[in-house]
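The values are calculated or read from the model by the stated rules, or taken from the named source; none is laboratory data. Just so it is clear, the model here is predicted, and its values are computed rather than measured. Counting neighbours? That spans all protein chains shown, and the Cβs are built from the backbone with ideal geometry, glycine included. In case anyone asks, the SASA skips ligands and DNA or RNA and just uses the protein heavy atoms, side chains included. Shrake-Rupley method; radii C 1.70, N 1.55, O 1.52, S 1.80 Å.
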Amino acid sequence: MKLKKTLTAIATATLAFAGLATASTSAQAEGENFVLISHAPDSDSWWNVIKNAIKVAGDQMDVNVEYRNPPTGDLADMARIVQQTAASNPDGIIVTIADFNVLKGPIEDAVAKGIPVITINSGTVEQSHELGALMHVGQPEYDAGFGAGKRMAAKGVKSFLCVNHYITNPASVERCRGFAEAIGTDLGDQMIDTGLDPSEVKNKVSAYLNAHQDVGAILALGPNSAEPTLDALRELGMNGAIPFGTFDLSAKIADGIKKGDIDFAIDQQPYLQGYLPAVILTNYVRYGVLPSGDINSGPGFITKDNIGLVEKYAGEYR
């Protein structure tokens, strides 16, 4: 709750400052409409934290923040959602850059219409700026992967398996690439494309480990790949015997950390990716104030040492 209170205080202070700066003008009406569009399929529970964040922000700022996504994760469908959303003329759009080439046109069209856009989560700061977005709120993915790789390199790891469940998202490859370069090896065939089906992920991880007995560590890119990978390791009797890190957090990942089956989870703090853009857009639309620069929401590392501090908020605020 401390994080929530702190963010509320920041938002209140920003509004107070904006009110002083615009004392000569009347405040605009409340109840603005914003839309957050993600690339995630309905099955991806990781986004529940972001859904909660925009609800909290909406209640606090007295705005409406709607969540939209392609039910199956189809990016062409996501592009259509961006187009349809822009056509409805919301007061602002929050959107992921899951695939720059697919989403470039629809996002640029929204910006051209004068709709304020903030990008989050996927994509890079450079891509966000090229699209004309106000700012990007997210985790620098290469740096996060590099940080994870440094932790593994300190253990003497020389080879690894990167389990990529969303290989069409360039950010996922950046995570694996940073990991490889921190260890001091080429990515090569150490990254596998598993898709999202849990059974397929589990089977492909098992097959890779059986064919590569010298794998020194495993990196998963989120619950969709981490949880089936953990199942595979337990079936093979390798849980706890091979260094295993993952991006993001879930109840099962938290349990794996406590049991020693997972060394760490990389926390990009998705709550901030939902909450901050809604607060920032509200202040921008009402008062024309905007923070200078982009916002890094991560990476942070969750281990046995601090899991107790975040576990009770998993799925809601963490």
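Distance between the 7 Å Cα→Cβ label points at T168 and S43: 1.4 nm.
Given that compact globular proteins tend to follow 2.2 N^0.38 Å, what is the ratio of the alpha-carbon Rg of the chain to that value?
Here the answer is 1.03, to two decimals.
Ordered by solvent-accessible area of protein heavy atoms (1.4 Å probe), largest first, the residues K258, K104 come out as K258, K104.
Quick check: from the Cα gyration tensor, does segment 33-105 come out rounded (a/c under 1.5), prolate or oblate? Since a/c reaches 1.5 but b/c is at least a/b, the shape of segment 33-105 is classed as oblate. For D62, project a label point 7 Å along Cα to C-beta. Then give me every residue of segment 271-305 with its amide nitrogen under 15 Å of that point. Within reach of a label on D62: 282-283, 286-287. For a straight C-alpha distance cut-off of 16 angstrom, the aspartates and glutamates reachable from K204 (same-chain residues fewer than eight places away being disregarded) are D189, D193, E227, D231, E235.
Model label sites at A251 and V285, defined 7 Å from Cα along the beta-carbon direction, differ in position by 3.4 nm. Modelled spin-label separation between K55 and D197, with each label point placed 7 Å from Cα along the Cα-to-Cβ direction: 3.2 nm.
A Cβ-based charge dipole, computed about the Cα centre of the chain with Lys and Arg at +1 and Asp and Glu at -1, lands at about 840 debye.
Among Y287, Y317, the order of accessible area from largest down is Y287, Y317, computed with a 1.4 Å probe on protein heavy atoms. A simple count of charges around Q269, restricted to other residues whose Cβ falls under 11 Å of its Cβ and scoring Lys, Arg +1 and Asp, Glu -1, yields -1. Rolling a 1.4 Å probe over the protein heavy atoms of segment 141-267, with every protein chain left in place, gives an accessible area that is 48 percent carbon and sulfur.
Surface calculation, 1.4 Å probe, protein heavy atoms: T303 sits at approximately 30 Å² accessible.
Normalised size of segment 141-267, defined as Cα radius of gyration per 2.2 N^0.38 Å with N residues, equals 0.91.
Seen from P243, the other residues with C-beta closer than 9 Å to its C-beta sum to a net charge of +1, counting Lys and Arg as +1 and Asp and Glu as -1.
Of D99, D305, the residue with the largest accessible area leads and the full order is D305, D99 (1.4 Å probe).
Taking the charge dipole of segment 141-267 about its Cα centre, with +1 at Lys and Arg Cβ atoms and -1 at Asp and Glu Cβ atoms, the residue from N239, M191, S172 reaching farthest to the positive side is N239.
Given a Förster distance of 22 angstrom, what is the FRET efficiency for D74 paired with K113, based on the Cβ-Cβ distance and rounded to 0.05?
0.35
Let me spell out the model: positive unit charges on the Cβ of Lys and Arg, negative unit charges on the Cβ of Asp and Glu, origin at the Cα centre of segment 16-166. What dipole size does that give, in debye rounded to 20?
The dipole of segment 16-166 has a size of about 660 debye.
Net charge of the neighbourhood of G132, taken over other residues with C-beta under 15 Å away and scored Lys/Arg +1, Asp/Glu -1, is -3.
Charges were assigned to the Cβ only: +1 to each Lys and Arg, -1 to each Asp and Glu. The resulting dipole of segment 222-318 about its Cα centre is roughly 260 debye.
With a cut-off of 8 Å between alpha carbons and a minimum separation of six or more residues, what is the relative contact order of segment 141-267 in percent?
25
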